[in-house]
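Beneath this line is the structure, given in structure tokens, with notes to follow.
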Amino acid sequence: MRVGGGFQNNNAGFNHKHLEVDQSALMKAFLHFVKAVFENTGQKKNYLEDGKQGRLQCLACGKSNAKFRSSKDFSDMHGLIMHTYYSDNADLRVDHLGLHKALCVLMGWNYSKPPDNSKAYRFLPADEAVSNQEDLIMWPPVVIVHNTITGKGKDGRMEGLGNKAMDSKLRDLGFGSGKCKSMYGREGHLGITVVKFASDQSGLIDAVRLAEYFEKENRGRKAWSHLQPLTLGKDDDDKNPNLVKVDERNGEKKRIFYGYLGTVADLDKVDFDMRNKVVIESRREHKGPR
Ligand SMILES: [Zn+2]
């Protein structure tokens, strides 16, 4: 049996329940549940707040038997984590272990440490927690580009760069293989453009190249998060050198774009249609064209 990544340093040896089941079935269940855990904003918030908003449902019990959908719920994350890891229902074992791993990835906890009441499983270095989430990319691969807004229109709605304009801007930068799609909300353009690439190995390579371009310019995920909180589209955006670059010669103003590879943590930034259609894949596990 293949030993999964991240288990080598497990002090308890290899008697981890994740290693007792079929690894590809576990991966499949995990990728299914990690999307389910991240895509519902209200539910995700409730997990992160340890059940403050209401009891926490077991999605594995809910998935398989609609009749008992509400029969398994817990007052806090520890109860839910213990249930998913130690569930003795053989039919649902792989689902529960996949959900266990998905919940740990959301919370930034160590899924390779069997949970117990000492709650030691909650300790994981911050960079490992981040890389566990960044491994889980949207598929087809996408790059999320921020600051593509242009300002308020006459009707008060927010306006932004159109899909064709963005396509040609990216082509000028040497990234012509992606297709741009502006994201809209109730107030208009959200200042987010999603660049979608082909769902094969070459698409992934192109998406990674674009994300690396932003990272090299110091305009990647971290740089964007450092600018938060931020309300785009105010009149003084022009005065913020992180958002708008003014050409000294002709006074021309250009929005500065930020971008990064879209992961499971970005499902709340894409529209309903895209959120429904994408699947989540593990970059580490990615074997090439399928
Ligand atoms: Zn359950």
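The values are calculated or read from the model by the stated rules, or taken from the named source; none is laboratory data. Given the structure is predicted, the values throughout are model-derived calculations rather than measurements. Cβ placement follows ideal geometry from the backbone for every residue including glycine, while neighbour counts extend to all protein chains displayed. All accessible areas refer to the heavy atoms of the entire protein, side chains included, with ligands and DNA or RNA removed. Shrake-Rupley method; radii C 1.70, N 1.55, O 1.52, S 1.80 Å.
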(request) Using the structure shown, decide if residue 216 is closer than 14 Å to residue 260 by Cβ and either in contact with a strand residue (DSSP E or B) (Cβ under 7 Å, 6 or more places away or on another chain) or at pLDDT 95 or above (or both). (result) yes
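Condition check ((1) under 17 Å from residue 263 (Cβ atoms); (2) within 11 Å of the ligand (Cβ to nearest atom); (3) acidic (Asp, Glu)) across all residues:
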| position | (1), (2), (3) |
| --- | --- |
| 93 | no, yes, no |
| 101 | yes, no, no |
| 104 | yes, no, no |
| 115 | no, no, no |
| 120 | no, no, no |
| 123 | no, no, no |
| 131 | yes, no, no |
| 136 | yes, no, no |
| 141 | yes, no, no |
(message) Within segment 68-81, take every residue that is open to solvent by 20 Å² or more (accessible area, probe 1.4 Å) and among the hydrophobic types (A, V, I, L, M, F, W, C) and give me the one that is modelled with the highest pLDDT.
(response) 74
(message) Filter segment 218-264 down to the residues that are within 25 Å of residue 175 (Cβ to Cβ) and acidic (Asp, Glu) and list them by number.
(response) 237, 247, 252
(message) Of everything in segment 170-200, what is part of a strand (DSSP E or B), in contact (Cβ under 8 Å) with a residue 40 or more places away in the chain, closer than 16 Å to residue 260 by Cα and open to solvent by less than 30 Å² (accessible area, probe 1.4 Å)? Give them in sequence order.
(response) 183, 191, 192, 193, 194, 195
(message) I want to confirm something. Restricting to segment 236-267 and keeping residues that are over 30 Å from residue 102 (Cα atoms) and in contact (Cβ under 8 Å) with a residue 24 or more places away in the chain, which single residue is surrounded by the fewest Cβ atoms within 10 Å (Cβ to Cβ)?
(response) 256
(message) Every residue in segment 254-266 that is assigned to a strand (DSSP E or B) and out of contact with any helix residue (DSSP H, G or I) (no Cβ under 6 Å at 6 or more places or on another chain), please.
(response) 254, 255
(request) Might you check whether a residue that is closer than 30 Å to residue 154 by Cα and surrounded by 13 or more Cβ atoms within 10 Å (Cβ to Cβ) occurs anywhere in segment 280-288? (result) no
(request) Give me the pairs, please: first residue somewhere in segment 92-106 and on the phi < 0 side of the Ramachandran plot and among the acidic types (Asp, Glu), second residue anywhere and near the ligand (Cβ under 10 Å from one of its atoms) and open to solvent by 10 Å² or more (accessible area, probe 1.4 Å), beta-carbon distance under 7 Å, and either six or more positions apart or on two chains. (result) 95/63; 95/64
(message) Looking at residue 109 and the list (1) aromatic (Phe, Trp, Tyr); (2) modelled with pLDDT under 90; (3) away from the ligand (no atom under 15 Å from the Cβ), which single condition is not satisfied?
(response) (2)
(message) Looking at segment 57-67, can you tell me whether even one residue there is more than 11 Å from the ligand (Cβ to nearest atom), buried (at least 17 other Cβ atoms within 10 Å of the Cβ) and under 21 Å from the mean Cα position of the chain (by Cα)?
(response) no
(message) Anything in segment 207-218 that is farther than 18 Å from residue 265 by Cα and either open to solvent by less than 100 Å² (accessible area, probe 1.4 Å) or among the aromatic types (Phe, Trp, Tyr) (or both)? List them, or say none.
(response) 210, 212, 213, 214, 217
(message) It is to be established whether one or more residues within segment 21-31 are within 15 Å of the ligand (Cβ to nearest atom), open to solvent by 40 Å² or more (accessible area, probe 1.4 Å) and at pLDDT 95 or above.
(response) no
